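Here the structure comes first, spelled out in structure tokens, and everything after it is commentary.
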Amino acid sequence: MIRPYKRSDISKLHISTEKVFNRATKIHNIPKETTTPHHQLHPPKMVINVPTASLEGKVALVTGAGRGIGRGCAIELGRRGASVIINYVSSKGPAEEVVKIIQGFNNGAKAISIQADVSKLSEINRLFEEAKSAFGKIDIVMSNSGTESWDKTEEITEEKYDHVFNLNARAQFFVGQTAYKHIEDNGRIILMSSIAAGLLGVKDHALYNGSKMAVIGFIKAFATDFGKRGITVNGVAPGGIKSDMFTQNAWHYIPGGSPEWPAEKIESLMANHCPLGRCAVPEDVARVVAFLSSEDGGWINGQVITISGGSSQ
């Protein structure tokens, strides 16, 4: 007969978390500094062998990939084994740097850069034709191109409206449409939206908000239309990303913000607004894009994933 546990037995089994940590530090020679908050630590450099997360053998095309979020996405896709086409408009030097980084992984991933202005349909068609000619196929398309707008609503001109919607909405529509013509069955298409699209009402941001809201509509429709070939279409809606344009744009989101503030103050105030206490970096978006591009993300379709650390909830 098995005797039931008594309270005294359980108390003997109890070991405090502090004792467990102290024993672990002695056994593994872990320095006391590891008590630093986890978000301040450098992530371990390791490779997790999860086949469904790998992009080995895949070919990805990333628009606007010479800098910022696009750059981060291209590098992460390459790190996971995908060969990547780096699209740029005028920043050839930065685009070539991304190519070198991906080639430096030595994991079989290849990379090339292709200049094309995705605000023009003829250029989009050329981009896809050259990409497919170089690699023979396209499995993943990440549409990242876009522009900001901080014009007072009552002062927006037709020309300004057309410029913002042409790049933020029209370009992404035709990138998605053209991707469908060239992408492999069971491919992945990811479009770029924003937390400003329906999640936040921001002063002097009507054009940007509206253009990014249009992208959400495209995502929902594409997911329905392209599903017959097993192609998934999703979007990401980042917020507070510390990229090359962070300082010149972030102050707008801070009540009473000023472009005269130093970068450190802007970043600190933005970080304080986030429950996680920091600003995001392009890699935070890139990892979600890589997940959606992988087999692991195969049953996610027609969704827009908010990536804001909880600052837009």
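The values are calculated or read from the model by the stated rules, or taken from the named source; none is laboratory data. Since this is a predicted model, take the numbers as computed values, not measurements. Heads up, the Cβs are rebuilt from the backbone with ideal geometry, glycines too, and the neighbour counts pull from every protein chain shown.
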Residues that are buried (at least 17 other Cβ atoms within 10 Å of the Cβ), outside any loop (DSSP other than H, G, I, E, B) and either touching a helix residue (DSSP H, G or I) at 6+ places or on another chain (Cβ under 6 Å) or among the basic types (K, R) (or both), drawn from segment 181-205: H182, R188, I189, I190, L191
State which residue pairs qualify: first residue closer than 11 Å to T63 by Cα and inside segment 112-129, second residue among the aromatic types (F, W, Y) and in a helix (DSSP H, G or I) in any location, beta carbons under 6 Å apart, and separation of 6 or more residues or different chains. I124/F174
Can you tell me which residue within segment 235-277, out of those that are touching a Phe, Trp or Tyr at 6+ places or on another chain (Cβ under 7 Å) and assigned to a loop (DSSP other than H, G, I, E, B), is modelled with the highest pLDDT? W261
Checking K132 against (1) assigned to a helix (DSSP H, G or I); (2) charged (D, E, K, R); (3) closer than 24 Å to M213 by Cα, the condition it does not meet: (3)
Among the residues of segment 211-218, is any under 24 Å from Y88 (Cα atoms), crowded, with 20+ Cβ neighbours inside 10 Å, in contact (Cβ under 8 Å) with a residue 40 or more places away in the chain and in contact with an Asp or Glu (Cβ under 6 Å, 6 or more places away or on another chain)? no
If we scan segment 206-229, do we find a residue that is assigned to a loop (DSSP other than H, G, I, E, B), in contact with a Ser or Thr (Cβ under 6 Å, 6 or more places away or on another chain) and within 30 Å of I140 (Cα to Cα)? no
Which residues, taken from segment 135-165, are of a type outside the set (D, E), exposed (fewer than 15 other Cβ atoms within 10 Å of the Cβ) and not in a loop (DSSP other than H, G, I, E, B)? T153, K160
The one condition in (1) in a helix (DSSP H, G or I); (2) modelled with pLDDT under 95; (3) closer than 21 Å to E283 by Cα that S8 fails to fulfil: (3)
Taking the criterion of being in contact with a helix residue (DSSP H, G or I) (Cβ under 8 Å, 6 or more places away or on another chain) and among the aliphatic types (A, V, I, L, M), would at least one residue in segment 241-249 satisfy it? yes
In segment 208-247, how many residues are closer than 20 Å to G72 by Cα and of a type in the set (S, T, Y)? 2
By residue number, the members of segment 221-272 that are of a type in the set (V, I, T) and crowded, with 20+ Cβ neighbours inside 10 Å are I231, T232, V233, V236, I241, I266
Complete set of residues in segment 108-129 that are surrounded by fewer than 17 Cβ atoms within 10 Å (Cβ to Cβ) and in contact with a strand residue (DSSP E or B) (Cβ under 7 Å, 6 or more places away or on another chain): K110
